Amino acid sequence: MTASLYVHVPFCVVKCAYCDFHSTPISQEPGVADHFAWAVGEGVVHWAALGALDDVASIYVGGGTPTTLGPALVSLVEALSRSVRLAPYAEVTVETNPDTTDAALVAHLVDAGVNRFSLGVQSFDDVVLRTLGRCHTAASAQRAIEELVSAGAKVAVDLICGVPGQSLDSWRDSVERAVASGVGHVSVYPLSLEEGTPLAESVASGALAAPNEDVAAEMMELASARLAAAGLRRYEIASYARDGDESKHNIGYWTGRPYVGIGPSAASMLPADVFEAAIACEAWSDPGVTGVGRTLESVPAGTGRIRFVRSADTIAFLRKPVGPPEEVEYLTPAEAAAEDAMLGLRLADGIPDALATSAGSAEVLAGLESRRLVEHVDGRWRVTHSGWLLGNEVFEAVWNAGARRGLVWHSL
């Protein structure tokens, strides 16, 4: 089974104002880095023993900010390399931020097998960075890019548009500086206000203006045109890359490749037989220190794919790296096809007719075609420029057209 591996590192220097991911400032968790690396190693050994990591196409260490672990991150990556069987030309990505990108650490990570870095820049405007609650500056972002590029690994940067107070000129400058940096991959995301975050609360209180969707759309179009002109092709709704620099890991998510998630709040998606093998493990039936004293049910008949999520509890993970998930989702083959069709339409190349038919979405796609949101070319369905701007509408329509009835969540 070809699979991907995701490791969630829940630590950062300062939690950003817009972030709702499971993360905590590492200064609040002294001495935790080495123990976290050990815990991840235990999780990897567990899944490797079940045969889930015999052919790993990509590893992605995300967060949080993994580079807050310092030298322990190198030990973590080395443990991954020892325990999994990497496919030829496998992609190994580590997320980092400018404030934790250290030239010596980067060199050690490259020596350990990391061949791609994803840098959270978000903006090259210090005012916008302060609004987002970032703890780096435009100057430190530029320095970090230069250090990563000089290390010889592939480099991707993230940018956020539609930020309150962000002007079109500011956005244009950020895009231009990303292009000039020479990186091979740029992701462009419109700001999403997540409930309970400081940024959302500032907007709700009137301290900041609400994001303007029309302005964000204009910024996305500006970025698309400029990045294309610079040779970075949009291969996915929010992702642009030079040929050969596309994210193999993310393409796996969009094409239904199984994946194993390790760490607090990490999600996994696996075939039913691998999940059943995990159920049989003593580590999953023993409540241990987590207090989960219930045994997982057997897999329902007709299940084709299973997605499950570990508890968003860092201390519980450190105490017991291998244990039962908190939530389990069982998908039939029809539901899995509907999900693959929805996610596959994120890709510029779209989905083949066969997948559209098995997902039950051929008719709704024809309707979307009449509205010029999708097009049918050479036996494949793909979004148009208008469909790209209205992507959520397209994805929702395709998902709703699939066999969603019978989707069962089991919260344990």
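The values are calculated or read from the model by the stated rules, or taken from the named source; none is laboratory data. All values derive from a computational prediction rather than experimental measurement. Neighbour counts run over all protein chains shown; Cβ positions are idealised from the backbone, glycine included.
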Original post:
Mind checking which residues of the range 217-253 are aromatic (Phe, Trp, Tyr) and surrounded by fewer than 19 Cβ atoms within 10 Å (Cβ to Cβ)?
Top reply: Tyr253
Original post:
Among the residues of the range 165-186, how many are without any contact (Cβ under 8 Å) to a residue 60 or more places away in the chain and not in a loop (DSSP other than H, G, I, E, B)?
Top reply: 14
**OP:** Taking only the range 37-59 into account, find how many residues are assigned to a loop (DSSP other than H, G, I, E, B) and either surrounded by fewer than 20 Cβ atoms within 10 Å (Cβ to Cβ) or touching a Lys or Arg at 6+ places or on another chain (Cβ under 7 Å) (or both).
**Re:** 4
Subject >> Matching entry among Val127, Val106 (being buried (at least 20 other Cβ atoms within 10 Å of the Cβ) and in the same structural domain as Ser239 (by TED's automatic domain parsing)) >> reply: Val106
**OP:** For the range 167-176, indicate whether the set of residues that are surrounded by fewer than 17 Cβ atoms within 10 Å (Cβ to Cβ) and among the polar types (S, T, N, Q) is non-empty.
**Re:** yes
**OP:** Would you check if His22 is under 30 Å from Glu201 (Cβ atoms), modelled with pLDDT of 95 or more and either in the same structural domain as His136 (by TED's automatic domain parsing) or touching an Asp or Glu at 6+ places or on another chain (Cβ under 9 Å) (or both)?
**Re:** no
Original post:
Residue check, Asn400 against (1) part of a helix (DSSP H, G or I); (2) surrounded by 18 or more Cβ atoms within 10 Å (Cβ to Cβ); (3) among the polar types (S, T, N, Q), all met but one. Which one?
Top reply: (2)
**OP:** Read through the list (1) in contact with a strand residue (DSSP E or B) (Cβ under 9 Å, 6 or more places away or on another chain); (2) of a type in the set (D, E, K, R); (3) within 25 Å of Ala3 (Cα to Cα), then give the number of the only condition that Glu369 fails.
**Re:** (3)
Subject >> Which listed residue is of a type in the set (Val, Ile, Thr) and either under 21 Å from Ile237 (Cα atoms) or assigned to a loop (DSSP other than H, G, I, E, B) (or both), from Val128, Val114, Val149, Val92 >> reply: Val114
Original post:
When you scan the range 239-288, how many residues do you find that are out of contact with any strand residue (DSSP E or B) (no Cβ under 9 Å at 6 or more places or on another chain) and at positive phi?
Top reply: 1
Original post:
Of the residues that make up the range 374-386, is at least one crowded, with 22+ Cβ neighbours inside 10 Å and under 23 Å from Pro190 (Cα atoms)?
Top reply: yes
